[in-house]
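K.L.:
I'd like to ask some things about the structure below.
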């Protein structure tokens with residue numbers, strides 16, 4: 001008996017549902033609950049990875065199930081785009097569950113039940129969002145995803161996590177309302193809430209653009225693009241690190257998925273696509289540059305990584321925008337090049353950002369601090385974590401031969417090709433985007449030199465760092481899996497990029513569209529000059545030759561001496577080392593305008609904020625009125641009566657006898673009278 005892609009992913013979802021129930025049933029046994037939840041989650045993730053692979057390779061299917069609601073069949077679609085998202089989400093779920101086998105011990109106070117139940121429901125809700133091919137069920141699962149992730153963000157129940165959760169929920173529901181409004185507009189024209197009906201409906205240019213803008217902002221909030229990113233650097237530091245990996249690597253990509261699905265799939269063939277692409281490129285350029293600028297000055301390692309996610313969302317948007325321009329201008333090569341780069345970067349970012357968040361979790365697990373200023377010297381104490389974090393840092397900095405280089409190279413090619421397309425506006429926007437992407441790349445290298453160097457190199461700058469030890473085996477295994485993926489996706493790009501080209505073609509172009517272009521254009525890794533495999537071999541040879549020369553001649557034969565570093569005549573001190581703050585000072589001064597802008601926007605009050613404050617202050621003024629005239633008098637009367645009763649109950653036995661005699665007299669008198 002063979003199962004289709006939808007059946008396999010439904011098995012994965014059913015297993016996750018069982019895991020959630022198991023987490024509730026065994027709430028009194030932490031160890032058993034933790035282990036069962038994790039093992040069940042690992043099995044569910046493996047099914048999800050297989051289903052995603054089938055979808056990515058064109059073996060998807062559409063299945064519809066009847067529901068109690070006549071207007072909303074449960075339509076589930078696995079195609080190349082949704083297959084990619086399923087693969088990404090399931091891969092991150094796999095490593096998150098493996099990591100949690102040890103990491104969950106940090107949350108013993110909260111209980112494995114809470115962790116396991118909400119993590120399972122969070123993962124299955126994300127899978128259902130990606131599968132849903134009906135507007136009603138899409139919105140239901142989207143809301144379930146937001147609610148379950150909210151409980152995971154606030155799992156510590158601290159003041160910071162509660163504030164982060166509130167901000168996240170407000171932003172999530174603002175985005176949901178916009179998406180809902182757009183789908184209802186679309187549904188009213190299509191006469192159905194089925195996405196298949198949406199695909200068959202041609203909207204007017206004004207209505208199509210309205211739907212696009214509403215969904216772009218709604219999904220952009222979920223993706224964390226600037227200026228709708230404020231929830232992201234609050235939520236990620238508050239959530240457990242494996243949840244941060246799931247949210248940053250997976251959940252925010254559902255925002256990208258929504259933008260791509262609406263623009264290319266549901267609104268296919270619209271005449272307005274050219275300026276939609278320009279808008280997306282503009283937002284992408286701003287998000288990528290400002291995201292990494294703001295990341296540079298952060299000393300909290302998880303806030304730092306959260307701002308870096310804003311940057312990478314911007315890079316993905318650049319590829320999506322380029323592809324829309326290509327579709328609108330009839331340039332099929334440009335359409336494939338941009339979307340293939342954007343979607344490949346979506347996968348790559350999930351892998352290396354998931355790795356970096358797990359690395360950050362290992363740091364906090366071992367050193368009990370997220371502050372990079374208090375770290376240092378962890379490379380010697382935590383060699384596996386240090387190596388994995390280094391691989392993730394090199395990958396996210398887009399250095400060859402790792403995966404980040406390939407996807408950014410594709411996006412660069414797309415932007416350069418879009419400059420040659422018709423239209424002065426497209427040329428200008430693309431040129432500005434190239435400059436922004438180049439600056440982003442340089443700043444990304446600076447950022448991760450800071451993150452790795454300050455945290456892992458040098459000497460420990462606190463007792464927490466000095467006493468750190470390597471994390472348990474499950475946490476190391478989870479990081480190693482993603483580190484290996486960073487290498488494979490980069491070195492094996494020659495074989496992997498064509499898969500993403502086919503996904504992009506299936507998503508962006510109509511069926512049967514021809515693409516006449518050299519393989520080298522669509523797959524830059526195929527030429528010797530940019531082949532990541534060749535680069536990897538050359539680098540490996542160079543390292544081996546350098547090591548051989550060192551071994552032949554020996555260090556001391558060059559007159560090397562081991563001595564303390566020169567510290568202007570003073571004895572070297574740990575506090576003299578470069579810290580997270582001092583490292584970024586020069587760049588911070590250079591980009592001072594952007595930091596002033598953020599400070600002013602954060603401290604200033606917009607119209608919505610002022611209205612909210614007015615409502616809160618009004619409520620505060622009204623609240624004491626009811627207390628004064630209703631509650632306070634009642635409380636005083638009860639307190640007075642209680643004081644009198646307290647005097648009666650004096651503890652004197654003779655008085656109690658007297659009370660009994662008096663009560664009898666009263667009762668006899670009443671009996672005679674009545």
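The values are calculated or read from the model by the stated rules, or taken from the named source; none is laboratory data. Predicted model only: the values in this text are computed from it and were never measured. FYI the Cβ positions are ideal-geometry reconstructions off the backbone, even for glycines, and counts take in every protein chain you see.
K.L.:
Are any residues in segment 456-475 assigned to a helix (DSSP H, G or I), closer than 26 Å to residue 295 by Cβ and modelled with pLDDT of 90 or more, and if so, which ones? Let's see the steps before the verdict.
P.N.:
The initial filter retains those residues of segment 456-475 that are assigned to a helix (DSSP H, G or I), namely 456, 463-466, 473-475.
When the remaining residues are screened for being closer than 26 Å to residue 295 by Cβ, the result is 456, 464-465, 475.
If the condition is that a residue be assigned to a helix (DSSP H, G or I), closer than 26 Å to residue 295 by Cβ and modelled with pLDDT of 90 or more, then 456, 475 are the ones that fit.
K.L.:
Sort through 282, 321, 314 and tell me the only one that's surrounded by fewer than 24 Cβ atoms within 10 Å (Cβ to Cβ), in a helix (DSSP H, G or I), modelled with pLDDT of 90 or more and in contact with a helix residue (DSSP H, G or I) (Cβ under 9 Å, 6 or more places away or on another chain). Let's see the steps before the verdict.
P.N.:
Numbers: 321 fails: surrounded by fewer than 24 Cβ atoms within 10 Å (Cβ to Cβ); 314 fails: surrounded by fewer than 24 Cβ atoms within 10 Å (Cβ to Cβ).
Result of the check over 282, 321, 314: 282.
K.L.:
Which residues, counting only those in segment 417-438, are surrounded by fewer than 21 Cβ atoms within 10 Å (Cβ to Cβ), at pLDDT 85 or above and within 24 Å of residue 347 (Cβ to Cβ)?
P.N.:
Within segment 417-438, 434, 438 meet the criteria.
K.L.:
What residue, of 434, 428, is over 30 Å from residue 372 (Cα atoms), without any contact (Cβ under 8 Å) to a residue 12 or more places away in the chain and more than 23 Å from the chain's Cα centre (by Cα)? Spell out the reasoning first.
P.N.:
Working: 434 fails: without any contact (Cβ under 8 Å) to a residue 12 or more places away in the chain.
After applying the criteria, what remains is 428.
K.L.:
Going by the conditions given, is residue 444 surrounded by 24 or more Cβ atoms within 10 Å (Cβ to Cβ), part of a helix (DSSP H, G or I) and touching a residue at least 12 places away in the same chain (Cβ under 8 Å)? Spell out how you get there, then give the answer.
P.N.:
Values: surrounded by 24 or more Cβ atoms within 10 Å (Cβ to Cβ): yes; part of a helix (DSSP H, G or I): yes; touching a residue at least 12 places away in the same chain (Cβ under 8 Å): yes.
Criteria met by residue 444.
K.L.:
Continuing with this model, one more query. Going by the structure shown, is residue 141 assigned to a helix (DSSP H, G or I), in contact with a strand residue (DSSP E or B) (Cβ under 9 Å, 6 or more places away or on another chain) and without any contact (Cβ under 8 Å) to a residue 40 or more places away in the chain?
P.N.:
Values: assigned to a helix (DSSP H, G or I): yes; in contact with a strand residue (DSSP E or B) (Cβ under 9 Å, 6 or more places away or on another chain): yes; without any contact (Cβ under 8 Å) to a residue 40 or more places away in the chain: yes.
Here the answer is yes, as residue 141 does meet what is asked.
K.L.:
Also, quick follow-up: What pairs come out if I take residues in segment 87-102 that are within 17 Å of residue 257 (Cα to Cα) and pair them with residues that are modelled with pLDDT of 95 or more and not in a helix (DSSP H, G or I) whose C-beta lies under 9 Å away, six or more apart or interchain?
P.N.:
none
K.L.:
Let me spell it out: the conditions are (1) touching a helix residue (DSSP H, G or I) at 6+ places or on another chain (Cβ under 6 Å); (2) modelled with pLDDT of 90 or more; (3) under 18 Å from residue 357 (Cα atoms), and residue 86 meets all of them except one. Which number is the exception?
P.N.:
(3)
K.L.:
Please count how many residues of segment 14-46 are crowded, with 22+ Cβ neighbours inside 10 Å and within 16 Å of residue 90 (Cβ to Cβ).
P.N.:
Counting residues in segment 14-46 that are crowded, with 22+ Cβ neighbours inside 10 Å and within 16 Å of residue 90 (Cβ to Cβ) gives 7.
K.L.:
Within segment 124-138, how many residues turn out to be in a helix (DSSP H, G or I) and under 22 Å from residue 11 (Cβ atoms)? Working first, answer last.
P.N.:
Kept after step one, since they are in a helix (DSSP H, G or I), are these residues of segment 124-138: 124-131, 135-138.
Imposing the further condition that a residue be under 22 Å from residue 11 (Cβ atoms) reduces the set to 124-131, 137-138.
Residues that pass the stated criteria total 10.
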